[in-house]
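The values are calculated or read from the model by the stated rules, or taken from the named source; none is laboratory data. Please read these numbers as outputs of a predicted model, since none were measured by experiment. FYI the Cβ positions are ideal-geometry reconstructions off the backbone, even for glycines, and counts take in every protein chain you see.
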Amino acid sequence: MPAPRVLPLDETLDHQSRACARAGSLLYAEVLAGVAADVEAQGVCADLLCPRADEPFASALPLRFLGAVHRLVLDGRAPALAAHYPSAGGEPGPGLVDDFLATVAEHAPAVEARMAHGVQTNEVGRSAALAPAYAAIARRSGLPLRVLELGASGGLNLRWDRYWYDTGVSHLGDPASPVRFVGVWQAAGDLPDLSGPVEVAERAGCDRHPLDVTTHDGRQTLRSYLWPDQVERRTRLEAAFMVAAQVPAPVEQSDLGRWAERQLADPTPGMATVVVHSIVWQYVERAARDRLRAALRRAGEWATPGAPVAWLRFEPAGPVGDLRLTWWPGGDEVVLATAEYHGVPVYWGAPPRP
Ligand SMILES: C[S@@+](CC[C@H](N)C(=O)[O-])C[C@H]1O[C@@H](n2cnc3c(N)ncnc32)[C@H](O)[C@@H]1O
(Lines give C-alpha, C1' and ligand atoms only; values in the text may rest on other atoms or scores of the structure.)
Protein backbone atom coordinates (compact mmCIF):
# COMPACT_ATOMS: atom_id res chain seq x y z
CA MET A 1 0.00 0.00 0.00
CA PRO A 2 1.27 3.58 -0.65
CA ALA A 3 2.45 5.63 2.38
CA PRO A 4 -0.49 7.39 4.12
CA ARG A 5 -0.90 11.04 3.13
CA VAL A 6 0.04 13.58 5.83
CA LEU A 7 -0.84 17.27 5.35
CA PRO A 8 0.26 20.26 7.44
CA LEU A 9 -2.36 20.93 10.13
CA ASP A 10 -3.47 24.28 8.68
CA GLU A 11 -4.13 22.61 5.31
CA THR A 12 -6.01 19.73 6.97
CA LEU A 13 -8.27 22.17 8.83
CA ASP A 14 -8.81 24.32 5.75
CA HIS A 15 -9.58 21.26 3.63
CA GLN A 16 -12.11 19.99 6.20
CA SER A 17 -13.71 23.43 6.62
CA ARG A 18 -14.28 23.72 2.87
CA ALA A 19 -15.54 20.12 2.69
CA CYS A 20 -18.08 20.87 5.46
CA ALA A 21 -19.25 24.02 3.65
CA ARG A 22 -19.67 22.08 0.40
CA ALA A 23 -21.59 19.30 2.16
CA GLY A 24 -23.97 21.84 3.72
CA SER A 25 -22.60 22.23 7.25
CA LEU A 26 -21.97 25.97 7.46
CA LEU A 27 -21.79 25.59 11.25
CA TYR A 28 -18.77 23.26 11.11
CA ALA A 29 -17.19 25.35 8.33
CA GLU A 30 -17.31 28.39 10.63
CA VAL A 31 -16.13 26.46 13.69
CA LEU A 32 -13.18 24.98 11.79
CA ALA A 33 -12.14 28.40 10.48
CA GLY A 34 -12.15 29.54 14.13
CA VAL A 35 -10.16 26.47 15.19
CA ALA A 36 -7.55 27.20 12.50
CA ALA A 37 -7.18 30.79 13.75
CA ASP A 38 -6.87 29.52 17.34
CA VAL A 39 -4.15 27.04 16.31
CA GLU A 40 -2.33 29.85 14.53
CA ALA A 41 -2.53 31.92 17.75
CA GLN A 42 -1.25 28.94 19.82
CA GLY A 43 -4.57 28.72 21.70
CA VAL A 44 -6.22 25.73 23.37
CA CYS A 45 -6.87 23.97 20.03
CA ALA A 46 -3.13 24.02 19.32
CA ASP A 47 -2.51 22.14 22.60
CA LEU A 48 -4.88 19.37 21.49
CA LEU A 49 -4.26 19.21 17.75
CA CYS A 50 -0.56 20.00 17.24
CA PRO A 51 0.71 16.84 19.00
CA ARG A 52 -1.34 14.83 16.47
CA ALA A 53 -0.46 16.93 13.44
CA ASP A 54 1.56 14.18 11.79
CA GLU A 55 -1.34 11.70 11.79
CA PRO A 56 -2.44 10.52 8.32
CA PHE A 57 -5.04 12.72 6.65
CA ALA A 58 -7.35 9.68 6.46
CA SER A 59 -7.52 9.49 10.27
CA ALA A 60 -9.95 12.45 10.03
CA LEU A 61 -8.42 14.36 12.97
CA PRO A 62 -10.71 17.43 12.59
CA LEU A 63 -13.84 15.25 12.57
CA ARG A 64 -12.66 13.31 15.61
CA PHE A 65 -12.09 16.62 17.40
CA LEU A 66 -15.48 18.02 16.39
CA GLY A 67 -17.17 14.74 17.32
CA ALA A 68 -15.57 14.79 20.77
CA VAL A 69 -16.91 18.31 21.41
CA HIS A 70 -20.32 17.43 19.95
CA ARG A 71 -20.53 14.56 22.43
CA LEU A 72 -20.14 17.03 25.32
CA VAL A 73 -22.99 19.07 23.87
CA LEU A 74 -25.23 16.02 23.47
CA ASP A 75 -24.43 14.85 26.99
CA GLY A 76 -25.59 18.23 28.36
CA ARG A 77 -22.12 19.27 29.54
CA ALA A 78 -21.73 22.36 27.32
CA PRO A 79 -24.92 24.48 27.55
CA ALA A 80 -23.42 27.65 26.02
CA LEU A 81 -22.32 25.78 22.91
CA ALA A 82 -25.58 23.79 22.83
CA ALA A 83 -27.38 27.10 22.25
CA HIS A 84 -25.71 27.15 18.80
CA TYR A 85 -26.14 23.46 17.89
CA PRO A 86 -29.41 22.49 16.15
CA SER A 87 -28.81 18.89 17.29
CA ALA A 88 -29.35 20.17 20.86
CA GLY A 89 -32.23 22.47 19.98
CA GLY A 90 -30.03 25.54 19.42
CA GLU A 91 -29.41 27.86 16.51
CA PRO A 92 -26.00 29.10 15.31
CA GLY A 93 -25.53 32.73 16.33
CA PRO A 94 -22.91 35.35 17.14
CA GLY A 95 -20.35 33.97 19.58
CA LEU A 96 -20.38 30.44 18.09
CA VAL A 97 -16.61 30.20 17.76
CA ASP A 98 -15.96 31.83 21.15
CA ASP A 99 -18.35 29.39 22.84
CA PHE A 100 -16.74 26.47 21.01
CA LEU A 101 -13.24 27.50 22.15
CA ALA A 102 -14.43 28.09 25.73
CA THR A 103 -15.98 24.59 25.77
CA VAL A 104 -12.74 23.05 24.54
CA ALA A 105 -10.76 24.93 27.18
CA GLU A 106 -13.12 23.86 29.97
CA HIS A 107 -13.20 20.17 28.95
CA ALA A 108 -9.78 19.67 27.34
CA PRO A 109 -9.00 16.31 29.06
CA ALA A 110 -12.40 14.82 28.04
CA VAL A 111 -12.02 16.08 24.47
CA GLU A 112 -8.51 14.68 24.26
CA ALA A 113 -9.61 11.28 25.58
CA ARG A 114 -12.43 10.98 23.05
CA MET A 115 -10.24 12.12 20.15
CA ALA A 116 -8.41 8.82 20.49
CA HIS A 117 -11.51 7.10 19.04
CA GLY A 118 -12.03 6.84 15.30
CA VAL A 119 -15.01 8.45 13.58
CA GLN A 120 -17.96 6.02 13.81
CA THR A 121 -20.96 6.53 11.59
CA ASN A 122 -23.79 4.31 10.41
CA GLU A 123 -25.50 5.91 7.46
CA VAL A 124 -29.06 4.69 7.09
CA GLY A 125 -29.50 6.51 3.75
CA ARG A 126 -27.32 3.81 2.16
CA SER A 127 -30.20 1.38 2.57
CA ALA A 128 -31.97 3.33 -0.21
CA ALA A 129 -29.21 2.27 -2.61
CA LEU A 130 -28.96 -1.30 -1.31
CA ALA A 131 -32.67 -2.18 -1.05
CA PRO A 132 -33.39 -2.39 -4.81
CA ALA A 133 -30.38 -4.69 -5.16
CA TYR A 134 -31.70 -6.96 -2.39
CA ALA A 135 -35.04 -7.07 -4.25
CA ALA A 136 -33.24 -7.99 -7.48
CA ILE A 137 -31.33 -10.77 -5.67
CA ALA A 138 -34.56 -12.13 -4.16
CA ARG A 139 -36.27 -12.14 -7.57
CA ARG A 140 -33.30 -13.72 -9.34
CA SER A 141 -32.88 -16.49 -6.77
CA GLY A 142 -36.52 -16.97 -5.79
CA LEU A 143 -35.15 -17.58 -2.27
CA PRO A 144 -35.18 -15.90 1.14
CA LEU A 145 -32.05 -13.92 1.93
CA ARG A 146 -29.24 -14.59 4.38
CA VAL A 147 -27.76 -11.11 4.85
CA LEU A 148 -24.15 -10.90 6.10
CA GLU A 149 -22.91 -7.33 6.54
CA LEU A 150 -19.19 -6.57 6.84
CA GLY A 151 -18.22 -3.35 8.67
CA ALA A 152 -21.80 -3.05 9.94
CA SER A 153 -21.07 -0.45 12.68
CA GLY A 154 -24.32 -0.35 14.69
CA GLY A 155 -26.13 -2.72 12.31
CA LEU A 156 -28.72 -0.14 11.25
CA ASN A 157 -28.50 -1.12 7.57
CA LEU A 158 -29.00 -4.77 8.57
CA ARG A 159 -32.61 -3.79 9.35
CA TRP A 160 -33.10 -2.44 5.82
CA ASP A 161 -36.21 -4.56 5.16
CA ARG A 162 -37.97 -2.88 8.10
CA TYR A 163 -37.76 0.53 6.38
CA TRP A 164 -40.18 1.82 3.73
CA TYR A 165 -39.16 2.39 0.09
CA ASP A 166 -41.47 3.82 -2.57
CA THR A 167 -40.38 4.79 -6.09
CA GLY A 168 -43.94 5.73 -7.10
CA VAL A 169 -44.01 2.63 -9.33
CA SER A 170 -43.12 -0.12 -6.87
CA HIS A 171 -42.53 -0.34 -3.15
CA LEU A 172 -40.85 -2.48 -0.53
CA GLY A 173 -40.64 -2.85 3.23
CA ASP A 174 -42.79 -1.82 6.16
CA PRO A 175 -45.32 0.90 5.21
CA ALA A 176 -45.58 1.94 8.88
CA SER A 177 -41.80 2.28 9.33
CA PRO A 178 -40.49 5.58 10.72
CA VAL A 179 -37.56 5.28 8.24
CA ARG A 180 -38.97 6.30 4.85
CA PHE A 181 -37.41 6.63 1.42
CA VAL A 182 -39.88 8.08 -1.06
CA GLY A 183 -38.84 9.26 -4.52
CA VAL A 184 -35.11 9.29 -3.78
CA TRP A 185 -34.15 7.42 -6.98
CA GLN A 186 -33.37 9.02 -10.32
CA ALA A 187 -32.96 7.11 -13.57
CA ALA A 188 -32.34 7.83 -17.23
CA GLY A 189 -34.40 4.68 -17.98
CA ASP A 190 -36.58 2.66 -15.61
CA LEU A 191 -36.69 3.35 -11.90
CA PRO A 192 -35.49 0.40 -9.78
CA ASP A 193 -37.95 -2.46 -9.41
CA LEU A 194 -38.73 -2.99 -5.73
CA SER A 195 -41.24 -5.76 -6.30
CA GLY A 196 -40.85 -9.00 -4.34
CA PRO A 197 -41.37 -11.26 -2.65
CA VAL A 198 -38.41 -10.26 -0.50
CA GLU A 199 -37.84 -12.11 2.76
CA VAL A 200 -34.87 -11.83 5.13
CA ALA A 201 -34.38 -15.26 6.71
CA GLU A 202 -31.18 -14.39 8.59
CA ARG A 203 -29.28 -11.21 9.34
CA ALA A 204 -25.88 -10.83 10.99
CA GLY A 205 -22.89 -8.54 10.79
CA CYS A 206 -19.38 -7.93 11.98
CA ASP A 207 -17.34 -4.84 12.71
CA ARG A 208 -13.89 -4.13 14.08
CA HIS A 209 -15.55 -1.70 16.53
CA PRO A 210 -19.25 -2.59 16.71
CA LEU A 211 -21.64 -0.19 18.39
CA ASP A 212 -24.61 -1.39 20.38
CA VAL A 213 -27.42 0.93 19.31
CA THR A 214 -29.71 -0.53 21.96
CA THR A 215 -27.62 1.33 24.56
CA HIS A 216 -27.65 5.08 25.26
CA ASP A 217 -23.88 5.22 24.89
CA GLY A 218 -23.94 3.53 21.47
CA ARG A 219 -26.63 5.90 20.20
CA GLN A 220 -24.84 8.99 21.57
CA THR A 221 -21.64 7.91 19.83
CA LEU A 222 -23.38 7.69 16.44
CA ARG A 223 -25.18 11.00 17.05
CA SER A 224 -21.95 12.77 17.98
CA TYR A 225 -20.31 12.10 14.60
CA LEU A 226 -23.23 13.55 12.64
CA TRP A 227 -22.80 17.20 11.87
CA PRO A 228 -25.03 19.21 14.23
CA ASP A 229 -26.82 21.18 11.48
CA GLN A 230 -27.58 18.20 9.20
CA VAL A 231 -31.20 17.73 10.16
CA GLU A 232 -32.18 15.11 7.56
CA ARG A 233 -29.42 12.67 8.51
CA ARG A 234 -30.22 13.08 12.20
CA THR A 235 -33.93 12.52 11.66
CA ARG A 236 -33.20 9.31 9.75
CA LEU A 237 -30.78 8.11 12.41
CA GLU A 238 -33.30 8.66 15.20
CA ALA A 239 -35.97 6.82 13.23
CA ALA A 240 -33.59 3.90 12.64
CA PHE A 241 -32.89 3.73 16.39
CA MET A 242 -36.63 3.19 16.91
CA VAL A 243 -36.60 0.28 14.45
CA ALA A 244 -33.44 -1.15 16.02
CA ALA A 245 -35.18 -1.30 19.40
CA GLN A 246 -37.71 -3.72 17.85
CA VAL A 247 -35.57 -5.76 15.43
CA PRO A 248 -32.48 -7.62 16.70
CA ALA A 249 -29.44 -7.68 14.41
CA PRO A 250 -26.27 -9.09 15.99
CA VAL A 251 -23.00 -7.38 15.07
CA GLU A 252 -19.99 -9.41 16.20
CA GLN A 253 -16.63 -7.84 16.96
CA SER A 254 -14.36 -9.31 14.31
CA ASP A 255 -12.15 -8.48 11.39
CA LEU A 256 -14.23 -8.91 8.27
CA GLY A 257 -11.86 -11.32 6.50
CA ARG A 258 -11.90 -13.81 9.38
CA TRP A 259 -15.66 -13.45 9.90
CA ALA A 260 -16.50 -13.91 6.23
CA GLU A 261 -14.35 -17.02 6.08
CA ARG A 262 -16.37 -18.55 8.90
CA GLN A 263 -19.76 -17.51 7.52
CA LEU A 264 -18.97 -18.75 4.01
CA ALA A 265 -17.39 -22.07 4.97
CA ASP A 266 -20.42 -24.14 3.93
CA PRO A 267 -23.37 -23.79 1.55
CA THR A 268 -26.72 -22.75 3.04
CA PRO A 269 -29.27 -24.46 0.78
CA GLY A 270 -32.65 -22.79 0.44
CA MET A 271 -31.24 -19.31 1.01
CA ALA A 272 -29.46 -16.73 -1.11
CA THR A 273 -26.36 -15.69 0.85
CA VAL A 274 -25.70 -11.94 0.44
CA VAL A 275 -22.31 -10.60 1.56
CA VAL A 276 -22.74 -6.85 1.73
CA HIS A 277 -20.67 -3.82 2.71
CA SER A 278 -20.96 -0.05 2.31
CA ILE A 279 -18.19 2.54 2.61
CA VAL A 280 -15.87 0.10 4.34
CA TRP A 281 -13.31 -0.92 1.70
CA GLN A 282 -10.98 2.08 2.11
CA TYR A 283 -10.42 1.19 5.78
CA VAL A 284 -9.59 -2.48 5.18
CA GLU A 285 -5.98 -3.68 5.11
CA ARG A 286 -4.73 -5.70 2.17
CA ALA A 287 -4.55 -8.98 4.17
CA ALA A 288 -8.23 -8.76 5.15
CA ARG A 289 -9.28 -7.83 1.61
CA ASP A 290 -7.37 -10.85 0.26
CA ARG A 291 -8.94 -13.08 2.89
CA LEU A 292 -12.43 -11.92 1.95
CA ARG A 293 -11.81 -12.35 -1.78
CA ALA A 294 -10.47 -15.88 -1.17
CA ALA A 295 -13.52 -16.78 0.97
CA LEU A 296 -15.84 -15.50 -1.77
CA ARG A 297 -13.90 -17.43 -4.44
CA ARG A 298 -14.30 -20.65 -2.44
CA ALA A 299 -17.99 -19.91 -1.86
CA GLY A 300 -18.32 -19.32 -5.60
CA GLU A 301 -17.16 -22.89 -6.08
CA TRP A 302 -19.85 -24.38 -3.82
CA ALA A 303 -22.62 -22.01 -4.94
CA THR A 304 -25.55 -23.53 -6.84
CA PRO A 305 -28.91 -22.12 -8.01
CA GLY A 306 -30.38 -23.55 -4.78
CA ALA A 307 -27.63 -21.93 -2.65
CA PRO A 308 -26.42 -18.88 -4.57
CA VAL A 309 -23.97 -16.28 -3.25
CA ALA A 310 -24.14 -12.55 -3.99
CA TRP A 311 -21.43 -9.99 -3.17
CA LEU A 312 -23.13 -6.61 -2.95
CA ARG A 313 -21.12 -3.51 -2.19
CA PHE A 314 -21.53 0.23 -2.22
CA GLU A 315 -18.06 1.73 -2.22
CA PRO A 316 -16.31 4.93 -3.37
CA ALA A 317 -15.81 5.43 -7.08
CA GLY A 318 -14.77 9.08 -7.43
CA PRO A 319 -17.31 11.76 -6.53
CA VAL A 320 -20.06 9.17 -6.00
CA GLY A 321 -20.21 5.53 -4.87
CA ASP A 322 -20.83 2.51 -7.11
CA LEU A 323 -23.36 -0.16 -6.22
CA ARG A 324 -21.85 -3.37 -7.56
CA LEU A 325 -23.14 -6.95 -7.55
CA THR A 326 -21.26 -10.18 -8.25
CA TRP A 327 -23.24 -13.41 -8.48
CA TRP A 328 -22.32 -17.07 -8.10
CA PRO A 329 -22.67 -19.62 -9.62
CA GLY A 330 -21.06 -17.98 -12.59
CA GLY A 331 -19.32 -14.92 -11.12
CA ASP A 332 -21.01 -12.34 -13.37
CA GLU A 333 -20.62 -8.74 -12.17
CA VAL A 334 -22.69 -5.62 -12.80
CA VAL A 335 -22.78 -2.00 -11.62
CA LEU A 336 -26.40 -1.39 -10.69
CA ALA A 337 -26.32 2.25 -9.66
CA THR A 338 -24.30 5.13 -8.37
CA ALA A 339 -25.28 7.16 -5.32
CA GLU A 340 -24.10 10.00 -3.13
CA TYR A 341 -21.89 8.82 -0.28
CA HIS A 342 -24.67 9.15 2.28
CA GLY A 343 -26.84 7.03 0.00
CA VAL A 344 -29.40 9.47 -1.37
CA PRO A 345 -30.11 10.41 -4.04
CA VAL A 346 -29.53 7.15 -5.91
CA TYR A 347 -28.84 7.27 -9.66
CA TRP A 348 -30.22 3.96 -10.89
CA GLY A 349 -28.59 2.29 -13.87
CA ALA A 350 -24.94 3.17 -14.39
CA PRO A 351 -23.29 4.65 -16.33
CA PRO A 352 -24.10 7.48 -17.19
CA ARG A 353 -22.78 9.22 -14.11
CA PRO A 354 -24.60 12.24 -12.64
C1 LIG B 1 -17.55 4.46 7.43
S2 LIG B 1 -18.08 3.17 8.49
C3 LIG B 1 -19.46 2.54 7.54
C4 LIG B 1 -20.40 1.79 8.40
C5 LIG B 1 -21.59 1.19 7.66
N6 LIG B 1 -21.15 0.18 6.72
C7 LIG B 1 -22.41 2.23 6.95
O8 LIG B 1 -22.50 2.22 5.70
O9 LIG B 1 -22.97 3.10 7.63
C10 LIG B 1 -16.84 1.90 8.25
C11 LIG B 1 -16.98 0.76 9.23
O12 LIG B 1 -16.09 -0.29 8.83
C13 LIG B 1 -15.53 -0.86 10.00
N14 LIG B 1 -14.30 -1.57 9.58
C15 LIG B 1 -13.21 -1.05 8.99
N16 LIG B 1 -12.30 -2.00 8.74
C17 LIG B 1 -12.80 -3.17 9.18
C18 LIG B 1 -12.33 -4.51 9.20
N19 LIG B 1 -11.14 -4.84 8.70
N20 LIG B 1 -13.13 -5.45 9.72
C21 LIG B 1 -14.36 -5.13 10.23
N22 LIG B 1 -14.85 -3.87 10.24
C23 LIG B 1 -14.09 -2.89 9.73
C24 LIG B 1 -15.32 0.32 10.91
O25 LIG B 1 -15.18 -0.06 12.26
C26 LIG B 1 -16.61 1.13 10.65
O27 LIG B 1 -17.65 0.77 11.52
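Here is a check on your reading of the model: is R291 assigned by TED's automatic domain parsing to the domain that holds L130 and touching a helix residue (DSSP H, G or I) at 6+ places or on another chain (Cβ under 6 Å)? Criteria met by R291. Quick check, is V334 touching a strand residue (DSSP E or B) at 6+ places or on another chain (Cβ under 9 Å), modelled with pLDDT of 95 or more, loosely packed, with under 14 Cβ neighbours inside 10 Å and not small (G, A, S)? Considered against the rule, which asks whether it is touching a strand residue (DSSP E or B) at 6+ places or on another chain (Cβ under 9 Å), modelled with pLDDT of 95 or more, loosely packed, with under 14 Cβ neighbours inside 10 Å and not small (G, A, S), V334 comes out as yes.
Could you run through segment 220-237 and say how many residues are assigned to a helix (DSSP H, G or I) and either in contact (Cβ under 8 Å) with a residue 12 or more places away in the chain or surrounded by 23 or more Cβ atoms within 10 Å (Cβ to Cβ) (or both)? Outline the logic, then answer.
Of the residues in segment 220-237, the ones assigned to a helix (DSSP H, G or I) are 220-224, 231-237.
The next check asks that each one be either in contact (Cβ under 8 Å) with a residue 12 or more places away in the chain or surrounded by 23 or more Cβ atoms within 10 Å (Cβ to Cβ) (or both); those that pass are 220-224, 231, 233-234, 236-237.
The number of residues fulfilling the criteria is 10.
Assigned by TED's automatic domain parsing to the domain that holds I137, aromatic (F, W, Y), surrounded by fewer than 21 Cβ atoms within 10 Å (Cβ to Cβ) and over 22 Å from V119 (Cα atoms) - does that describe any residue in segment 273-284? No, segment 273-284 contains no residue that is assigned by TED's automatic domain parsing to the domain that holds I137, aromatic (F, W, Y), surrounded by fewer than 21 Cβ atoms within 10 Å (Cβ to Cβ) and over 22 Å from V119 (Cα atoms). Across segment 22-64, the qualifying residues are those that are closer than 19 Å to L81 by Cα and of a type in the set (V, I, T), and the one among them that is surrounded by the most Cβ atoms within 10 Å (Cβ to Cβ) is V35.
Select the strands (runs of 3 or more DSSP E) contained entirely in segment 117-173, then report the ones holding at least 2 residues which are near the ligand (Cβ under 8 Å from one of its atoms). Steps first, please.
On the way: elements: 145-150, 164-166, 171-173.
The strands (runs of 3 or more DSSP E) meeting that bar are 145-150.
Among the conditions (1) in contact (Cβ under 8 Å) with a residue 60 or more places away in the chain; (2) within 16 Å of the ligand (Cβ to nearest atom); (3) surrounded by fewer than 17 Cβ atoms within 10 Å (Cβ to Cβ), A317 misses just one, which is (1).
Any residue at all in segment 93-115 that's assigned to a loop (DSSP other than H, G, I, E, B), closer than 21 Å to Y225 by Cβ and either without any contact (Cβ under 8 Å) to a residue 24 or more places away in the chain or not charged (D, E, K, R) (or both)? Don't jump to the end; show me each part of the working.
Step one: of segment 93-115, the residues assigned to a loop (DSSP other than H, G, I, E, B) are 93-95, 107.
Filter once more, keeping what is closer than 21 Å to Y225 by Cβ: 107.
In the following step, the residues that additionally are either without any contact (Cβ under 8 Å) to a residue 24 or more places away in the chain or not charged (D, E, K, R) (or both) were identified as 107.
Yes - at least one qualifying residue is present in segment 93-115.
The residue that is nearest to the ligand (Cβ to nearest atom), among those in segment 252-288 that are farther than 25 Å from D322 by Cβ, touching a strand residue (DSSP E or B) at 6+ places or on another chain (Cβ under 8 Å) and not in a strand (DSSP E or B), is S254. Taken together, A249, A294, A299 contain a single residue that is more than 16 Å from the ligand (Cβ to nearest atom) and either crowded, with 20+ Cβ neighbours inside 10 Å or not in a loop (DSSP other than H, G, I, E, B) (or both), which is A299.
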